[in-house]
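Q: Structure below; questions to follow.
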Amino acid sequence: MRNVFMTSQHRAANVAATMAAAAAMVCATAGAQNPSITSGQAFPVKPVRYVVPFGAGASPDIVGRLMADRLTRLWGQQVIVDNRVGAAGVMGTAYVAKSPPDGYTLLQCNVASSAIAMSLFAKMPYDQVRDLAALTRIGNMPNIFISHPSAPFRTLKEMVAYARANPGKLSYSSGLPGVSPQLSMEFLKLLAKIDIVNVPYKIASQGLSDTIGGQIPINMSNLPASVQPVASGRLRALAVTSAQRTPQMPNVPTVAESGFPGYDVQSWYGMCAPAGTPVAILDKLNTDIHTVLRIPEIQQRLTELGIDLAPSTREEFEQYIRAEIVRWAKVIKDAGIAQQ
C-alpha cells in the first residue's frame, strides 16, 4: 500500500516548490503591470509622452509630430507631443531628465539643449551624459540665413557689406539665445567683424513670421521651417550653414562659398530617454524608431524638409553627443560668448 503520509523532507520540497511557483506568478503579474521589468516586448501598454523642447510650428515640432504620428500607428498607443518651451530647450530636457525611467517619457534631444547648453549656461539642471540615455540620431540639417525680399541685399556677401557700412542698424530674428541658428549668426559676426542685433523669440516660428511680415529684415532658422516661405517667395534665401549645398535649395550657396572658407554649422535631432530606463526598453525604442525612419513616406518628407537622415545605434549616438559637447564648448570659447 502506498504511504499516504509525507515525510518532512517531502513536505519541505513541496513548500519550496509552492513558494517558487508563487514567486514566479508575482513576477509575471508585476511584469504585466510594469513593462519596464520585462523583456520590453510588451512596451508600450499606455500612452507615451514625447517632449519637444521648442514651440509649435518650429522645425523641431514639425519633425516631432511626424515621428509621434508614426509611432502611434506602430504601437497602437497614443504618442502625445508635449511642447515644453524655455531656455533654448533646457526646460523641456530637464523635465525628461527628471521623469521616471520607464520609457513612457521621451525627449527629442537636439544640438541646443544636449550639446551647446552644456557650455553656454553657467548652471544646468541636468547633465546630458549622466541623466539621459541616447536612443538614436534622427538626422542633421543646415541652418539658413534668410531675409525679407525688401532687404537691401540679395546675397550673404551683400548682407555682410551692408552690415559693415551700417554697424548696429541691421537686426535678425532667431529663437532663444543658445539655439544653433542664433549661434550660426554670432559665429559669422565674429568671422566677418560685423554688428547685427539679435532679436530673440521665445518661439522661433514667431521670429520667422515677423521676418515674413517685414518687421525684422533677417532671420536665422533651421532649414525645415524655411523651405515653404522661401519656395513661395515670402523670404529670400542667402546662404546655408552646412559645408555642402542642400538638395532642397541647390541654387543657394553655402556660407563657405560666400567668402568664409571652412564655415560649417549644422543642427541635429535625435531621441533620448531618462537615464536608468531598462536596456530592453531602450533597445526596443531604438528598433522601433528605426522602423519609422525606414518608412518611404517619412524618408521623403524628412528629406523634403532638408534633413539628412542619420539613424544610429544607441552607442554611436552617445559618442556623437559627447563629441558635439566638446565641439560647441570650443566654438563658444573662441567666439567669446559669455555664459548665461
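Q: Test Ala275 against the stated conditions and say whether it is in contact with an Asp or Glu (Cβ under 9 Å, 6 or more places away or on another chain), of a type in the set (Gly, Ala, Ser) and in contact (Cβ under 8 Å) with a residue 12 or more places away in the chain.
A: yes
Q: Same structure, new question: Of all helices (runs of 4 or more DSSP H) completely enclosed by the stretch 74-132, which ones contain at least 3 residues that are within 28 Å of Lys330 (Cβ to Cβ) and among the small types (Gly, Ala, Ser)?
A: It comes to 90-97.
Q: Now for a separate question. Mind listing whichever residues of the stretch 77-134 are on the phi > 0 side of the Ramachandran plot and among the aliphatic types (A, V, I, L, M)? Even if it seems obvious, please write down each step before you answer.
A: Narrowing the stretch 77-134 to residues on the phi > 0 side of the Ramachandran plot: 86-89, 103.
Result: Ala87, Ala88.
Q: I need the full set of residues from the stretch 128-156 which are open to solvent by 10 Å² or more (accessible area, probe 1.4 Å), in contact (Cβ under 8 Å) with a residue 24 or more places away in the chain, farther than 18 Å from Ala112 by Cβ and in contact with a helix residue (DSSP H, G or I) (Cβ under 8 Å, 6 or more places away or on another chain), in order please.
A: Ala133, His148, Ala151
Q: Something else now. If Tyr104 meets every condition in (1) touching a Pro at 6+ places or on another chain (Cβ under 7 Å); (2) open to solvent by less than 10 Å² (accessible area, probe 1.4 Å) apart from one, which number is that one?
A: Among (1) touching a Pro at 6+ places or on another chain (Cβ under 7 Å); (2) open to solvent by less than 10 Å² (accessible area, probe 1.4 Å), Tyr104 violates only (2).
Q: Count, please, the residues in the stretch 67-95 that happen to be open to solvent by 40 Å² or more (accessible area, probe 1.4 Å) and either under 13 Å from the mean Cα position of the chain (by Cα) or not small (Gly, Ala, Ser) (or both).
A: So the count comes out to 11.
Q: I would also like to ask the following. Within the stretch 285-314, take every residue that is without any contact (Cβ under 8 Å) to a residue 60 or more places away in the chain and part of a helix (DSSP H, G or I) and give me the one that is surrounded by the fewest Cβ atoms within 10 Å (Cβ to Cβ).
A: Taking the candidates together, the pick is Pro296.
Q: Taking the stated definitions as given, is Tyr162 modelled with pLDDT of 95 or more and either in contact with a His (Cβ under 7 Å, 6 or more places away or on another chain) or closer than 30 Å to Ala231 by Cβ (or both)?
A: Considered against the rule, which asks whether it is modelled with pLDDT of 95 or more and either in contact with a His (Cβ under 7 Å, 6 or more places away or on another chain) or closer than 30 Å to Ala231 by Cβ (or both), Tyr162 comes out as yes.
Q: Of the residues that sit in the stretch 234-249 and are at pLDDT 95 or above and over 22 Å from the mean Cα position of the chain (by Cα), which one is farthest from Gly139 (Cα to Cα)?
A: This residue is Arg234.
Q: If you check Ala231 against the conditions, is it modelled with pLDDT of 90 or more and either closer than 13 Å to Gly306 by Cβ or more than 24 Å from the chain's Cα centre (by Cα) (or both)?
A: Against the criterion (modelled with pLDDT of 90 or more and either closer than 13 Å to Gly306 by Cβ or more than 24 Å from the chain's Cα centre (by Cα) (or both)), Ala231 qualifies.
Q: Residue by residue through the stretch 39-63, note down the ones that are at pLDDT 95 or above and among the β-branched types (Val, Ile, Thr).
A: Once the filter is applied, which keeps residues that are at pLDDT 95 or above and among the β-branched types (Val, Ile, Thr), the stretch 39-63 yields Val45, Val48, Val51, Val52.
The values are calculated or read from the model by the stated rules, or taken from the named source; none is laboratory data. Quick caveat: nothing in here was measured; it's all calculated off a predicted structure. No Cβ is skipped: glycine too gets one built from the backbone with ideal geometry, and neighbour counts run over all protein chains shown. Quick note on the areas: whole protein, heavy atoms, side chains included, nothing else; ligands and nucleic acids left out. Shrake-Rupley method; radii C 1.70, N 1.55, O 1.52, S 1.80 Å.
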